[in-house]
Amino acid sequence: MMGKLSALSRPAAALMPLAAVMCAACAEGPPQQREEPVQATAGVTVSSDLFLASAMAALPPPGVTAANLPDPESPGAKALAQYCGGCHALPSPGHHSATDWPIVLRRMWMRMDRVAADFEYPVPSTAERAVLLPYLVEHALEVGRAELPAAPGRDAFMRTCSRCHALADPKQHSPSDWVAVGRRMRQHMEDMLGETIDPDTFAQIVLYLERASQGS
């Protein structure tokens, strides 16, 4: 038996752990009934479905469309709609600050450049990337540059909202807008982190932002 194993080619030997996992999965029933996730073995090619599932982890939740992007007819908006919705939901430029977008885009470029050609996803050229970055920076989340006013709710705002992005300038929205914005951010937090803000904390944050946005 050991002689037969040693005679296997390296690619065939590398596939043996994956074959064992697949046989175990068949014995356990459909994937949704599994209690333990399947872990890919190093050197084994994973399926397209698994690759796409990993690409969607902790990425923008659905809701943004090409039509409601800022300046939707601009080259930057069209590039965003064309290239950034292939593996996950379309992001809004306001999901990150101007200082964060270059880092995020570099990470995305590295991932896209490593996607196999048989996935048939469009990959932007260098010129298109040069158009997309300024667009995202121009319409990025506005970050508060002045010290946030001291008031009840400030600590909750800083602690909660800095977990996903740079802290927004309270004056980025009007007092009447912050309830809707807060609800959308709360949903994003539930989708991306699997956590829920308790009602009291949510009310404190919204009230603080309403007051801070009007300078009181």
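Brief remarks follow.
- Filtering region 175-216 to residues that are of a type in the set (D, E, K, R) and part of a helix (DSSP H, G or I) leaves Asp177, Arg183, Arg184, Arg186, Glu190, Asp191, Asp200, Glu210, Arg211.
- Inter-residue pairs, beta-carbon under 6 Å, first within 11 Å of Ile205 (Cα to Cα) and in region 171-189, second in a helix (DSSP H, G or I) and of a type in the set (Asp, Glu), 6+ apart: Trp178/Glu210
- Residue in region 138-157 that is open to solvent by 50 Å² or more (accessible area, probe 1.4 Å), of a type outside the set (Phe, Trp, Tyr), touching a Cys at 6+ places or on another chain (Cβ under 9 Å) and farther than 23 Å from Asp71 by Cα present: no
- Residue selected from region 194-216 under the condition among the small types (Gly, Ala, Ser) and under 20 Å from Pro149 (Cα atoms), by the criterion surrounded by the most Cβ atoms within 10 Å (Cβ to Cβ): Ala212
- Residue in region 94-114 that is modelled with the lowest pLDDT, counting only those that are open to solvent by 40 Å² or more (accessible area, probe 1.4 Å) and β-branched (Val, Ile, Thr): Thr99
- Tabulated pairs, region 122-137, first farther than 15 Å from Arg106 by Cβ and modelled with pLDDT under 90, second of a type outside the set (Gly, Ala, Ser) and open to solvent by 60 Å² or more (accessible area, probe 1.4 Å), C-beta under 7 angstrom, 6+ apart or interchain: Pro122/Gln82
- Among the residues of this structure, Gln172 counts as one that is at pLDDT below 90, in contact with an Asp or Glu (Cβ under 7 Å, 6 or more places away or on another chain), among the polar types (S, T, N, Q) and open to solvent by 30 Å² or more (accessible area, probe 1.4 Å).
The values are calculated or read from the model by the stated rules, or taken from the named source; none is laboratory data. Since the structure is predicted, the reported quantities are computational estimates derived from the model, not experimental observations. Cβ sites come from the backbone with ideal geometry, for glycine too, and all protein chains shown count toward neighbours. Remember, those area values only see protein heavy atoms, side chains included, never the ligands or the DNA or RNA. Shrake-Rupley method; radii C 1.70, N 1.55, O 1.52, S 1.80 Å.
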